[in-house]
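Let me begin by presenting the structure, written as structure tokens, before commenting on it.
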Amino acid sequence: MGTSTRTETVTSNQKTEPWAGAQPYYADLYASAEAARKSGAPAPFPDSTVIDWSKPTQDAYAQMEALARGGSALNGNAQNVANGVMTGAAYNGTPANTYQALQQGLNPTANPYSAMMNSVANGALANGFGGTNALVAGANWQNPGVAATAGASGTINNNAGNALLNNGLTGTNAGMGLAQQAAATASGNPALAGYQNQTGYTNAASGGAAALAGVAGYNPAVSGFQGQTGYTNSGLDLAKQANTLANNNPALDAFKGQTGYTNGSLDQARDIAQTAGNNPAIQGFQNASGYQNSALGAQQQFAQFLATNGNPAAGMLQSTANGDFLNSNPYLDQAIKNANSSFVDQFNTSIAPGIDSQMAAAGRMGSGAYAALRNSAEKTTANAMAQNAGNMQYNNYAAERTNQVNAQNAIGNFYNQNVANTQNALNSVSSTDQAQQAARLNALTGMGNFADSATKNQIAANQNAASIDNQQQAQRLAAITGMGNTADAIAKNSISASQNVGNIDNAQQAQRLAALTGLGNFADSATKNAIAANQNYANIDNTQQGQRLNALAGVANTADSIAKNQIAASQNVANIDAQQQTTNNNALLNAGNLSNNASTLLLNAANQLGNQSAAQQTNNLNYLNALGDQYKYDTTNRINAMNNGATLANQDYANRLSNAGLQLNAANGQTAANSNQVGQQLQAAGMAAGLRANDYADANALLGVGQAYQNRDGAFLQDEINKWNGEQNAVWQGLINQANILNGGNFNNMSGITTKPIYTNNMAQATGAIGSIAGLMAK
């Protein structure tokens, strides 16, 4: 570094004592210090010097503990997301179900209408509504009213009436004796002879009633109804002819002839399919797969050059960058000497003469105080010179360090510029080569696109031919269908015409039967009117006879009144005695009547049930017969409907294939969306740790507030400690200050060996020159 050092050993003996005026102060100083030591001063701070945690600090640590113990839902969610991705649960759902359903396949089965057509051809629909079975069941039908009537007849009895009869035969009335006495007088009723004369009364209308009874059972409509039992509907033969037309549709053979239909464009489509995959651009792309960038060799050579050669500017700046010029400025020593000469001149011309003048005036020249002042002045001057020299050396060193860093930066910049220029040139070559390769690939792509376009055009043309062929076949089938529909319409019109004839014939027959019914009703009405007139005549005759009998009854009633008064007393006794018997007999009689009424109701209900069942059975047989006929007419239409159903089933299967493709596309799209969502979830899960750290942000902020409170409390405590220490150390500080004042003269006895370095550079010489200041001062 251009600096050498040697040492020089100097032995000196000095003895300095305080002057007589200072010695008492020294004695008092030592005595005071000994007294302070014995008193225990300075005493330690009596209170605790530890700052307790503030309330915010305690709350912050409590929040941190609660967060640490409670865990984080974010971590659990992140683990669930990661588990879902690792186990595959995140990818399950609708797309997976769709893929599984599509992997299992659509499993197309036979047309469901084929079996129905076969069953119809084998006669499964013959009388499919059960008309034959219903007729057989009707022939074996038994009226349930017969069994109900038989059951009701078994319950008919008159036990209550028999009991009443037995009670009347064996009972004896207590008033019988009195009644016999009253009968002796009652038998002489004068009206008896009058009533005997009227026993041969004959109603004048009885002859007409007998005549009407002879003709009331004859109705002229009976023979008319009997003549209609063999009625035959005139539309039956037409219906049979229509059935023949309905079962022979000319379109059936035409459809059978089209079952082997083959699309004329099928062979051409197969040929196109075999050549559609032969794209001439494939070989070109394969040849381009071995492409190598022409700049690769130059880049490798450049890398080797950089590894073995440095920037030429680095050598010029390397010495500065290495720090070779640090502490080696050849002009620094002279600059320091020139700068310190002013301190020497100031000391010799101003400071030293001032001290000498002051001490001489005080009579202290040569004393210890004089020596202390000269030593302090020399020390101050030497320190100023050393500080100035140190600052200049530091500035020189710092400037050279700046030059060193700048040289290093310049070397790096030159090197980076060289690398960038070379790299740009190589990039230019690489870009040109890649553009050429891109042009080749674009040409191959264009060739492939045109080849694909040609193949697609061929396929489209073939598809168009197939579509035209299919349309032609559809027109043929439509014509056949129209022929079948026309034949169907003719058959249906024939059926409708025969049905119309049948309906008109039935309506005419219904009118005839209605006329016969009206004839019978009018005949019944005339007979009933004749019977009513005869009954009225008989009623008038009966009324006249009743008036005659009433006159006789008045005579009889007068005689009877006398007899009744006689009988009343005995009858009263008999009535009282028979009242209980009558009550019992009435109860039994009512029971018998109720039993008879119940039996009558059961018989009536059974008869009514039988009549209704017979009528219902008749209606059922008529309905089933008509339904069986209608079923035969409807068979052809059902077959046509099943043919249409088969066509719809084929279309439905085609739609299912199309929908399966749409479902697959939707599942693929949803899978991609699901993958993106999983990626976002994983990204969110990766943020969980940072978000978890944010949970502690408020607690950390609160902890900072608490620490601020603690720092302020610590400052107050430190102020109290400082005040305490100041009070405790006041005595010692005063003693130390007094000792410093007394020691300012440096009054010490010194004896020893001093070793000091001797420098060859200017700084060392300047420092050593301080030792020669004494000589300068002595001049």
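The values are calculated or read from the model by the stated rules, or taken from the named source; none is laboratory data. On a predicted model such as this, the values are computed, not experimentally measured, just so you know. Cβ sites come from the backbone with ideal geometry, for glycine too, and all protein chains shown count toward neighbours. What goes into the accessible areas is simple: the full protein's heavy atoms, side chains included, and nothing from ligands, DNA or RNA. Shrake-Rupley method; radii C 1.70, N 1.55, O 1.52, S 1.80 Å.
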Number of positions in segment 426-466 that are polar (S, T, N, Q), open to solvent by 40 Å² or more (accessible area, probe 1.4 Å) and either over 50 Å from the mean Cα position of the chain (by Cα) or farther than 18 Å from ASN278 by Cβ (or both): 9
Among the candidates THR422, THR455, THR432, THR445, residue that is in contact with a Ser or Thr (Cβ under 8 Å, 6 or more places away or on another chain) and either without any contact (Cβ under 8 Å) to a residue 60 or more places away in the chain or in a helix (DSSP H, G or I) (or both): THR455
Under 7 Å by Cβ, and 6 or more places apart or on different chains, what pairs join a residue from segment 511-522 that is closer than 13 Å to SER223 by Cβ with one that is open to solvent by 70 Å² or more (accessible area, probe 1.4 Å) and in a helix (DSSP H, G or I)? LEU516/PHE225
Could you figure out which of (1) out of contact with any helix residue (DSSP H, G or I) (no Cβ under 7 Å at 6 or more places or on another chain); (2) within 29 Å of ALA303 (Cβ to Cβ) isn't true of PHE414? (1)
Residues ALA276, ALA314, ALA307: which one is farther than 30 Å from ASP469 by Cα, in contact with a helix residue (DSSP H, G or I) (Cβ under 7 Å, 6 or more places away or on another chain) and either surrounded by 12 or more Cβ atoms within 10 Å (Cβ to Cβ) or modelled with pLDDT under 75 (or both)? ALA314
Among the residues of segment 368-425, which ones are closer than 27 Å to ASN327 by Cβ and either among the acidic types (Asp, Glu) or buried (at least 17 other Cβ atoms within 10 Å of the Cβ) (or both)? THR381, ALA382, MET385, ALA389, MET392, GLN393, ASN396, GLU400, GLN404, ALA407, ALA410, ILE411
Of the residues ASN607, ASN575, ASN611, ASN622, which is modelled with pLDDT of 75 or more, open to solvent by 70 Å² or more (accessible area, probe 1.4 Å), part of a helix (DSSP H, G or I) and within 30 Å of THR244 (Cα to Cα)? ASN622
Tell me which helices (runs of 4 or more DSSP H) are completely within segment 1-118 and hold 1 or more residues being at pLDDT below 80, open to solvent by less than 80 Å² (accessible area, probe 1.4 Å) and not basic (Lys, Arg), or say none if there are none. 23-38, 73-87, 94-104
So, in segment 164-200, of the ones that are at pLDDT 75 or above and open to solvent by 80 Å² or more (accessible area, probe 1.4 Å), which residue ends up farthest from ASN585 (Cα to Cα)? ASN197
Single condition ALA507 does not satisfy, out of (1) out of contact with any Gly (no Cβ under 9 Å at 6 or more places or on another chain); (2) in contact (Cβ under 8 Å) with a residue 60 or more places away in the chain; (3) surrounded by fewer than 14 Cβ atoms within 10 Å (Cβ to Cβ): (2)
